[in-house]
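Remarks on the structure that follows.
The values are calculated or read from the model by the stated rules, or taken from the named source; none is laboratory data. These numbers come from a predicted model, not from an experiment. Cβ placement follows ideal geometry from the backbone for every residue including glycine, while neighbour counts extend to all protein chains displayed.
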Amino acid sequence: MRTMESENIIEMLHITKEFPGIIANDDITLQLRRGEIHALLGENGAGKSTLMSVLFGLYQPEKGVIKKNGQEVKINNPNDATALGIGMVHQHFKLIEVFTVLDNIILGAETTKMGFLQKKEARAKVEALSERYGLKVDLDAKVEDITVGMQQRVEILKMLYRDNEILIFDEPTAVLTPQEIDELMATMKEFAKEGKSILFISHKLNEIMAVSDRVTVLRKGKYIGTVDAKDTDKQSLSNMMVGRPVQLEVTKKPASPGEPVLDVKGFCVPARGHKRNAVNEVTFQARAGEILCIAGIDGNGQTELVYGLTGLEKSSGGTVTLCGEDISHASIRQRGGNMSHIPEDRHKHGLVLDFTLEQNMVLQRFNEKRFQTAGFINQGAVREYAEQLIEQYDVRSGQGPITVARSMSGGNQQKAIIAREVDREKPLIVAVQPTRGLDVGAIEYIHSQLVAERDKGRAVLLISLELDEVMSLSDRILVMYEGEIVGELDPKQTTVQELGLYMAGAKRMDMTKKEGEGA
Amino acid sequence: MNKQGGSLLQKEGTRTVLASLISIVIGLAVGSVLVLVVGLFSSNLGLASAWEGIRLIFLGLFSTGRDQVGVLTWGFNPRSVGNMLFRATPLILTGLSVSVAFKTGLFNIGAPGQYLMGTMTTLAIALGIPSSALPGPVIWLLAFLSGILAGALWGCIPGLVKSFLNINEVLACIMTNWMAANLVTWFFDGSKFCNTVENTKSGYIYKTSYGLTQVDGAWTYVDGNGVQTAKLGLDKLFPGSQVNGGILIAILIAIGIYILMSKTTLGYQLKACGSNRHAARYAGINDKRNIVLSMAIAGALSGAGAALYCLAGNTEFFWSTYQSLPAEGFNGIPVALLAANSPIGVVFTGCFMSMLNIVGLQLTNLTAYNEYITDVIISVIVYLSAFSLVIKMMLNSRKKDKGLDAAPGAPSPDSPSEPDGSDAVSTEKGGEQA
């Protein structure tokens, strides 16, 4: 029955996976020990997801072998992976929204008798698992009605229900509140204690240091090394990941806020497809020379607030005053006169991906005298301007100004947008998750740019879901919960835990009173 | 030299042209197989006829008939070339119409309707204004412009419906096509433009070379008294053909569209809306206005195609259109696809499509094959023109594979952003920032 018990439950040896034009994994070796939490750390595009897709049977490697318990195995598709006890929680959950939680958990692994579903048995098993690991879920709720945190617990239960012993978590904390992250970490440790082996993909150093036993670092598709978590620290991990010393903390002088640039009063924005407001009676001011951050869990009205402020969505009430001008009903172009906007979704709003870099650089400005004569685009001026921005903001691309935006890396696409928006030199910069999905090096750069703009006396309205970013970059924090502002905090005096309580709606300030005092 | 050749192969444009050529060759090859199979299995044909048929498919444009012994003769055939250019004129313009819409992210399947509306107004103006009232060229110009205007207005309808009611332009286009087809029939049914002079031509509208003229106090249509597009010497170049100055106008319009789309702020806006409507809106570009404008331009081009075809003076319009839509409209789609939406490319693919028509005629005239086989070949090529995108993707991936192999061998002087180089650069820059 029992063969040689090797120390490593899964070994991926010398894996090489190529895509046309790029080697995503170049001779990577990863050894997962029984009962350990093994973090896989790397910047975007380092090859983490590709490696996990190879393990999960989604890709076939060109070279290399995978061994389980010392025996070579062939994983041709996810079914093979499941049969070997490998389960994965994807970054974007794979759940059917209109099914109940229970149906989602048993989907694909249903217990049946003569072709009929045996939901009672399944329910008993799921309930037992949920009890044992403290994974609270409502089995009869539809997935579309439950919180993101609970959806993740459903995904975890899916793996447990299939008796998986190797659990892969792909960036599991991106969508969670600090409290939920703590719970997840505890659950992961519990799994490890029971002998399950966990692969934990992340680029958040705090979390990796908190839970993992060992860390494997990848950079640009290459294996850099595997270290024991207790023998290392955040700084050296990030150096390994980026390949050069990086600065983890944002250095900035204390803010010296000036006059209010943006004045929002009783602002409401309707939700798509619902009657209620996604943004409800929001009132705040953003002052020159400060970074005002709107924190909150994704989906609490931040996106709609930005759409309303920038004119992408019509507001349903309240006033917005920008630089003393009422812009509540102004067009997007009129608002653009005093506002630049680093959008949340750089592919949807930020760039025309099939345009070249230079064409994207003048997306708002092509009509300016400088770039056109009698309706004809002044090619030379556009090229010159693009080259200047590329140089000044260090945007890297294959062919300079004539690179097609689609072919650029995410980080450089974002840098291009930031170059364009910052260079428009408007008094207000609305930056929505400006560092989402970017690696440490690019984040460092973008943060320093935003601080520099603040120091030039511009107002920066930052919308962020990353707590580290909120705490380190902002001068003042407003917390949004269910479309309302529930708290105003000073990052120097508050803690991540307190911020988390506001974000989860467990705590709130009486904002009307605060406004009353202000007026 | 070598390097230049490599960069030419890697150019996007080269690959596009290559993909289109491959689709054309495959289409012609499939047609040849068909001709062969039909030839072998028909009693009145044979291998010899099949071989003739296949040669005609590829070289029909250069066929000059048969000599006394019945052998196919080849050479420059001015009549075929001239007719090809003549028939290409409307195709180029409907092709432009479809490609402009494509570039702005819209599928203009409404070209037939716009074409019909252009035909109707052009004929109405050209035949409705008495020849004595205005000089011929002025009537011609008025008729031409009115055709453009009618097409533009008709194209606006799907554009308006799309931008303000968010109804898919394909649906709206299909409906406006049939509205146009019935409207045109109804209009001509009650008009005085139906040909009553030539008995065999009942059901047709007068050629525009007929003019409304007062003879002995009664208004009648007299041949040669109307308007027709100037030949501009092209009839001397291609004797015996129907060609006229319309082809030159079509080419000029194609160049104009190229300039509009690639050199002007308007073209920039239209393309931005087409490639990414959200980003265009984000940048403050009025996406609704641009959708309407793009459809109006597309409609105007279809209308211009119709006007030039009608105003040739030797074309007749069968006015009971309520049962069928003009092929020129739909054929604009493969013309645009084969040209990969390049306005200049459309000139060539438009000529190619009309060449297939000529080939069909030659095949019917010179062999026992019937004309429908060329329709099959045309449809295969039309089908493959949509396929040219797939072929292009295949070419792309092949080129990338090759690029990968070549990359380590390629010397780095002209590509300083090799992995190692960029690493070094990033370290330096990082140091500066820190």
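Quick notes on this one:
- Residue in segment A:423-444 that is closer than 28 Å to A:Leu312 by Cα, part of a helix (DSSP H, G or I) and modelled with pLDDT of 90 or more present: yes
- Each residue in segment A:345-358 was checked for being of a type outside the set (Lys, Arg), outside any loop (DSSP other than H, G, I, E, B) and more than 7 Å from chain B (Cβ to nearest Cβ), and 4 of them qualify.
Results for (1) outside any loop (DSSP other than H, G, I, E, B); (2) in contact with a helix residue (DSSP H, G or I) (Cβ under 6 Å, 6 or more places away or on another chain), shown as yes or no for each residue.
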position: A:His329; (1), (2): no, no
position: A:Arg333; (1), (2): yes, no
position: A:Ser340; (1), (2): yes, yes
position: A:Val382; (1), (2): yes, yes
position: A:Gln388; (1), (2): yes, no
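- Among (1) surrounded by 19 or more Cβ atoms within 10 Å (Cβ to Cβ); (2) under 21 Å from A:Leu237 (Cβ atoms); (3) among the hydrophobic types (A, V, I, L, M, F, W, C) - the single one A:Leu462 does not satisfy: (2)
- Positions within segment A:53-94 being within 30 Å of A:Gly149 (Cβ to Cβ), in contact (Cβ under 8 Å) with a residue 60 or more places away in the chain and not polar (S, T, N, Q), in sequence order: A:Leu55, A:Phe56, A:Leu84, A:Gly85, A:Ile86, A:Gly87, A:Met88, A:Val89, A:His90, A:Phe93, A:Lys94
- Checking segment A:286-295 against the condition returns no match, with no residue being within 14 Å of chain B (Cβ to nearest Cβ) and either within 25 Å of the chain's Cα centre (by Cα) or modelled with pLDDT under 85 (or both).
- Filter result (assigned to a helix (DSSP H, G or I) and within 11 Å of chain B (Cβ to nearest Cβ)) within segment A:362-371: A:Phe371
- Scan of segment B:363-381 for residues that are crowded, with 21+ Cβ neighbours inside 10 Å and under 13 Å from B:Gly27 (Cβ atoms), ordered by number: B:Thr374, B:Ile377, B:Ile381
- Subset of segment B:47-74 (residues that are surrounded by 10 or more Cβ atoms within 10 Å (Cβ to Cβ) and on the phi > 0 side of the Ramachandran plot): B:Gly65
- Per-region count, segment B:275-290, residues part of a helix (DSSP H, G or I) and under 17 Å from A:Gly350 (Cβ atoms): 8
- Sole residue being more than 14 Å from chain A (Cβ to nearest Cβ) and farther than 19 Å from B:Leu93 by Cα, chosen from B:Ser324, B:Ser302: B:Ser324
- Here B:Gly284 meets the list (1) within 14 Å of chain A (Cβ to nearest Cβ); (2) in contact (Cβ under 8 Å) with a residue 12 or more places away in the chain almost entirely, failing just condition (2).
- Qualifying positions in segment A:356-408 - surrounded by fewer than 20 Cβ atoms within 10 Å (Cβ to Cβ), aliphatic (A, V, I, L, M) and in contact with a Lys or Arg (Cβ under 8 Å, 6 or more places away or on another chain): A:Ala381
- The one condition from (1) touching a residue at least 40 places away in the same chain (Cβ under 8 Å); (2) surrounded by 14 or more Cβ atoms within 10 Å (Cβ to Cβ); (3) not in a strand (DSSP E or B) that A:Glu11 does not meet is (3).
- Of the helices (runs of 4 or more DSSP H) lying entirely inside segment A:31-116, not one is found with 1 or more residues being touching a helix residue (DSSP H, G or I) at 6+ places or on another chain (Cβ under 7 Å) and outside the structural domain of A:Leu237 (by TED's automatic domain parsing).
- Scanning segment B:291-318 for residues that are in contact with a strand residue (DSSP E or B) (Cβ under 7 Å, 6 or more places away or on another chain) and either surrounded by 22 or more Cβ atoms within 10 Å (Cβ to Cβ) or in a helix (DSSP H, G or I) (or both) turns up B:Cys310, B:Phe317.
- Hits in segment B:261-279 (condition: more than 7 Å from chain A (Cβ to nearest Cβ) and either free of Cβ contacts under 8 Å to residues at least 12 places away in the same chain or at positive phi (or both)): B:Ser262, B:Gly267
- Residue match in segment B:240-256 (condition: within 14 Å of chain A (Cβ to nearest Cβ) and of a type in the set (Ser, Thr, Tyr)): no
- The strands (runs of 3 or more DSSP E) located wholly in segment A:172-284 that include 1 or more residues which are of a type in the set (Asp, Glu) and not assigned by TED's automatic domain parsing to the domain that holds A:Arg153 occupy A:260-270.
- Residue check, A:Ser236 among the polar types (S, T, N, Q) and either buried (at least 18 other Cβ atoms within 10 Å of the Cβ) or touching a residue at least 24 places away in the same chain (Cβ under 8 Å) (or both): no
- Near pairs, Cβ below 6 angstrom, 6+ apart or cross-chain, from segment A:479-508 (surrounded by 18 or more Cβ atoms within 10 Å (Cβ to Cβ)) to any residue that is among the hydroxyl-bearing types (Ser, Thr, Tyr): A:Val479/A:Tyr502; A:Val486/A:Tyr502; A:Gly487/A:Tyr502; A:Pro491/A:Ser474; A:Gly500/A:Thr177; A:Met503/A:Thr177; A:Ala504/A:Thr177
- Being without any contact (Cβ under 8 Å) to a residue 24 or more places away in the chain and over 30 Å from B:Glu12 (Cα atoms) is a property that B:Asn314 lacks.
- Flag for B:Ala386 being in a helix (DSSP H, G or I) and farther than 21 Å from B:Tyr258 by Cα: yes
- Only listed residue being surrounded by 17 or more Cβ atoms within 10 Å (Cβ to Cβ), at pLDDT below 85, touching a His at 6+ places or on another chain (Cβ under 9 Å) and within 14 Å of chain B (Cβ to nearest Cβ), chosen from A:Val242, A:Val250, A:Val246: A:Val250
- In this structure, A:Val143 qualifies as over 24 Å from A:Glu165 (Cα atoms), in contact (Cβ under 8 Å) with a residue 24 or more places away in the chain, aliphatic (A, V, I, L, M) and crowded, with 18+ Cβ neighbours inside 10 Å.
Conditions tested, residue by residue: (1) touching a strand residue (DSSP E or B) at 6+ places or on another chain (Cβ under 6 Å); (2) under 30 Å from A:Asn44 (Cα atoms); (3) more than 12 Å from chain B (Cβ to nearest Cβ).
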| residue | (1), (2), (3) |
| --- | --- |
| A:Thr373 | no, no, no |
| A:Val382 | no, no, no |
| A:Ile390 | no, yes, yes |
| A:Ser407 | no, yes, no |
| A:Gly441 | no, yes, no |
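- Only a single item in (1) on the phi > 0 side of the Ramachandran plot; (2) at the interface with chain B (Cβ under 8 Å from one of its Cβ atoms) is not met by A:Gly400, and it is number (2).
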